[in-house]
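The values are calculated or read from the model by the stated rules, or taken from the named source; none is laboratory data. What you see is a predicted model, and the numbers here were worked out from it, not measured in a lab. Cβ placement follows ideal geometry from the backbone for every residue including glycine, while neighbour counts extend to all protein chains displayed. Calculation scope for accessible area: heavy atoms of the full protein, side chains included, ligands and nucleic acids excluded. Shrake-Rupley method; radii C 1.70, N 1.55, O 1.52, S 1.80 Å.
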Amino acid sequence: MRILFSTALIVGRLFLARGAAPAPNTGDVSCIVTASSGDDGPAFVDAVQRCDSVTIPRETTLSIATRMNMTGLKDKNINLLGTIKFTSNMSYWINNGFPFEFQDQIAFWIVGGKNILINGGGTIDGSGQVWYDAFATNSALLRPILLTIYKATDVAIKNITMINSPEWFNFVNEGKNVVYDGINISALSTSKNLAKNTDGWDIYRSDNVSIMNSNINNGDDCVSLKPNSTNVIASDLYCNGSHGISVGSLGQYAGVYDIVENFTSTNVHMYNAQNGARIKAFAGPGVGSGIVKNISYSFFTEGNVNNPLIVDQCYMTNATECTAYPSNVYIQDVTFSNFKGTSSGKMKSVVASLACSPDDRCNNISVNDISLEPPSKDGSATYSCQNVNITGNAAYLFGNCKTT
Ligand SMILES: *[C@@H]1O[C@H](CO)[C@@H](O)[C@H](O)[C@H]1NC(C)=O
Ligand SMILES: *[C@@H]1O[C@H](CO)[C@@H](O)[C@H](O)[C@H]1NC(C)=O
Ligand SMILES: *[C@@H]1O[C@H](CO)[C@@H](O)[C@H](O)[C@H]1NC(C)=O
Ligand SMILES: *[C@@H]1O[C@H](CO)[C@@H](O)[C@H](O)[C@H]1NC(C)=O
Ligand SMILES: *[C@@H]1O[C@H](CO)[C@@H](O)[C@H](O)[C@H]1NC(C)=O
Ligand SMILES: *[C@@H]1O[C@H](CO)[C@@H](O)[C@H](O)[C@H]1NC(C)=O
Ligand SMILES: *[C@@H]1O[C@H](CO)[C@@H](O)[C@H](O)[C@H]1NC(C)=O
Ligand SMILES: *[C@@H]1O[C@H](CO)[C@@H](O)[C@H](O)[C@H]1NC(C)=O
Ligand SMILES: *[C@@H]1O[C@H](CO)[C@@H](O)[C@H](O)[C@H]1NC(C)=O
Ligand SMILES: *[C@@H]1O[C@H](CO)[C@@H](O)[C@H](O)[C@H]1NC(C)=O
Ligand SMILES: *[C@@H]1O[C@H](CO)[C@@H](O)[C@H](O)[C@H]1NC(C)=O
Ligand SMILES: *[C@@H]1O[C@H](CO)[C@@H](O)[C@H](O)[C@H]1NC(C)=O
């Protein structure tokens, strides 16, 4: 074993009991990062670059005042027992957050490379409140994403709490073989200003991503599959206050082809939400194109959800416009099965809605074992659809909706 000395780090052999926590990346250099009274960002980045395994001890809170570039890593284990807290210096972050062209985002922290594990039961804190309050009076404000996995293969993020991200919590951008397991997310504003756009996960240009066994309390999508998300699983999730498990929006940008293929979402509890299971694609003049293929949503239990089950292939487009300019994002081989629970009544008695563009742009959509009810004041459940032929044992609920 090699011991590395540094004034910024307390270095030594980790004394964690063998087998107590998963540590597949344990090479021969282990480091412990403790808090200074200033910016701990540079010391943390330095430790991760130099050591195989980096521990942030239980009682430690690292204060991060500068952006962290941890790309190009190989075989690293970040054992987060304590807390990583980003400062609320808005002017710094607005000017220095890592820029991402996709949906004009910025990021606090980018992690990339190969074979990376982040675990340990600790917390990542985005100091979101100042951002929620500032965004209320400036809707053009750029707000940083909490954790971005960028150009990475074989990444596992396990047993971590994430609180008060200013924007999305997790962005997987050009990732492959990425697992999130046992993540607790909470965005809670203490003022009247909501914690907006605090998506749990956004996946983009990534393949083989799993999100499981997690609790999410937030103010936007629980999980969102953006363009080119393939072989994704979102399972065993408890989502509260969100906009649902979303495929899309897709087809937003002219000249761009978007793919979402092989997505399974199962065992999801969805409460107080705008949507449950959702697929959305833009229509109208000057939009993009793409394909949504082989999507399975099953075993959803919902309560107080505006749209428990929804496909909208005329997103942001009125009916006339959608007929004139149907969506160029085709949707096929989709199954919804075993949905139960209650809607909010926002859509009166409608508990499920499948709205497709004309000209057979939704194909092979199957609906099985649906038991969703509106609040009793709204009468018995109704189902809505347009331009789609539905199969499955619950197809009859949607009446005689046929594409003609
Ligand atoms: C991050 O650091 C790597 C390696 O030093 C560098 O190549 C890359 O340009 C940096 N990324 C950003 C976004 O600054
Ligand atoms: C915020 O960051 C700026 C640099 O962008 C720096 O000049 C200023 O001192 C920081 N403010 C605080 C309170 O740390
Ligand atoms: C999560 O981390 C805590 C604190 O380190 C640990 O006690 C617990 O066993 C971990 N849980 C799992 C599932 O690894
Ligand atoms: C997440 O919350 C669950 C349920 O409250 C708890 O059992 C688990 O330990 C929490 N995980 C972390 C990483 O704190
Ligand atoms: C998908 O990722 C998981 C977890 O990293 C890995 O075990 C599995 O082999 C990957 N699957 C493929 C087809 O690469
Ligand atoms: C769930 O969300 C609702 C509404 O968004 C909120 O009032 C409630 O406190 C949340 N529940 C928990 C357990 O956080
Ligand atoms: C998605 O992948 C397809 C096929 O590789 C590619 O043509 C398209 O440009 C990609 N779209 C995006 C948004 O990256
Ligand atoms: C559909 O996707 C699932 C994973 O979500 C995969 O197991 C299955 O093989 C895919 N089916 C087809 C026909 O591609
Ligand atoms: C979807 O899954 C099928 C079956 O496993 C596989 O053949 C196909 O390549 C996958 N599609 C993508 C885009 O990965
Ligand atoms: C539909 O949208 C188009 C384009 O925005 C607009 O010109 C038209 O007035 C709208 N029609 C209705 C009925 O709202
Ligand atoms: C319809 O979709 C299901 C589920 O993705 C798939 O198994 C089946 O092969 C598809 N049927 C046709 C005719 O493509
Ligand atoms: C739906 O069924 C009608 C006839 O019942 C047929 O004309 C139309 O092509 C079908 N559409 C699709 C997408 O299969």
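Worth pointing out:
- Among (1) surrounded by fewer than 18 Cβ atoms within 10 Å (Cβ to Cβ); (2) outside any strand (DSSP E or B), the one test that M347 misses: (1)
- Residue match in region 199-206 (condition: open to solvent by 10 Å² or more (accessible area, probe 1.4 Å) and of a type in the set (S, T, N, Q)): no
- All positions within region 47-62 that are away from ligand 3 (no atom under 15 Å from the Cβ) and open to solvent by 50 Å² or more (accessible area, probe 1.4 Å): Q49, R50, T61
- Considering residues of region 275-333 that are hydroxyl-bearing (S, T, Y) and assigned to a loop (DSSP other than H, G, I, E, B) only, the residue nearest to G241 (Cα to Cα): T317
- Each residue in region 324-344 was checked for being out of contact with any Ser or Thr (no Cβ under 6 Å at 6 or more places or on another chain) and surrounded by fewer than 18 Cβ atoms within 10 Å (Cβ to Cβ), and 4 pass.
- If only residues of region 285-322 that are surrounded by fewer than 17 Cβ atoms within 10 Å (Cβ to Cβ) and over 22 Å from the mean Cα position of the chain (by Cα) are counted, the one that is nearest to ligand 12 (Cβ to nearest atom) is A319.
- Residue within region 179-197 that is away from ligand 5 (no atom under 16 Å from the Cβ), among the hydroxyl-bearing types (S, T, Y) and surrounded by fewer than 18 Cβ atoms within 10 Å (Cβ to Cβ) present: yes
- Matching residues in region 116-130 - criterion: being touching a strand residue (DSSP E or B) at 6+ places or on another chain (Cβ under 8 Å) and either in a helix (DSSP H, G or I) or hydrophobic (A, V, I, L, M, F, W, C) (or both): I116, L117, I118, I124
- Failed item, numbered, when K192 is tested on (1) in contact with a Lys or Arg (Cβ under 9 Å, 6 or more places away or on another chain); (2) assigned to a loop (DSSP other than H, G, I, E, B); (3) at pLDDT 95 or above: (1)
- Count - residues of region 151-187 that are within 16 Å of ligand 7 (Cβ to nearest atom) and either touching a Leu at 6+ places or on another chain (Cβ under 8 Å) or in a loop (DSSP other than H, G, I, E, B) (or both): 1
- In region 221-273, the residues that are open to solvent by 10 Å² or more (accessible area, probe 1.4 Å) and in contact with a Cys (Cβ under 8 Å, 6 or more places away or on another chain): H243, H269, Y271
- Among the residues of region 133-178, just one is open to solvent by less than 40 Å² (accessible area, probe 1.4 Å), under 15 Å from the mean Cα position of the chain (by Cα) and charged (D, E, K, R), namely E167.
- Yes/no for T83 being more than 23 Å from the chain's Cα centre (by Cα) and touching a residue at least 12 places away in the same chain (Cβ under 8 Å): no
- Residue that is farthest from P358 (Cα to Cα) [pool: residues in region 323-336 that are more than 22 Å from the chain's Cα centre (by Cα) and not β-branched (V, I, T)]: D333
- Test set (1) within 19 Å of Q332 (Cβ to Cβ); (2) open to solvent by less than 30 Å² (accessible area, probe 1.4 Å) - P374 fails condition number: (1)
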